[in-house]
Amino acid sequence: MIAARNVSVEDCVIDGFTANGISVQAGTLFVRNTTIRNNAGTGINATGAAGAAISDTTVIFNGTGLAGAVVRYCCVVLYGNKNGDPPPPPAP
């Protein structure tokens, strides 16, 4: 996304790109019910975005999970990315 004002990505599978799964250079991004996997770059790169919101989405096995201006997220699974995953929960 280079110049759009608002973009929604819903009900998609983004798999196997040699760069980023989603790359946002301007505007805002909303991602819902989407799987982003096996991309060599970043799953969602919102570095130039005004903001990105993510809901009910899986970001797995990418070079980096998330980067940039992710301002809201709910029910997001980050797993197996080389970078960008949260630390594991503490042991009980």
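The values are calculated or read from the model by the stated rules, or taken from the named source; none is laboratory data. Values in this document were obtained by computation on a predicted structure and should not be read as measured data. When we count neighbours, we look across all protein chains shown, and the Cβ atoms used for this are built from the backbone with ideal geometry, even at glycine. For accessibility, only protein heavy atoms count, side chains too; no ligands or nucleic acids. Shrake-Rupley method; radii C 1.70, N 1.55, O 1.52, S 1.80 Å.
Numbers for the structure displayed
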{"quantity": "In the range 72-92, the residues that are open to solvent by less than 100 Å² (accessible area, probe 1.4 Å) and either touching a residue at least 60 places away in the same chain (Cβ under 8 Å) or not charged (D, E, K, R) (or both)", "calculated": "74, 75, 76, 77, 78, 80, 81, 83, 84, 86, 91"}
{"quantity": "Strands (runs of 3 or more DSSP E) lying entirely in the range 12-58 (those with 2 or more residues that are within 19 Å of residue 85 (Cβ to Cβ))", "calculated": "13-15, 35-37, 42-46"}
{"quantity": "Per-region count, the range 59-71, residues part of a loop (DSSP other than H, G, I, E, B) and open to solvent by less than 70 Å² (accessible area, probe 1.4 Å)", "calculated": "3"}
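For (1) modelled with pLDDT of 95 or more; (2) charged (D, E, K, R), each residue gets a yes or a no:
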{"position": "11", "(1), (2)": "yes, yes"}
{"position": "19", "(1), (2)": "yes, no"}
{"position": "24", "(1), (2)": "no, no"}
{"position": "29", "(1), (2)": "no, no"}
{"position": "33", "(1), (2)": "yes, no"}
{"position": "49", "(1), (2)": "no, no"}
{"position": "56", "(1), (2)": "yes, yes"}
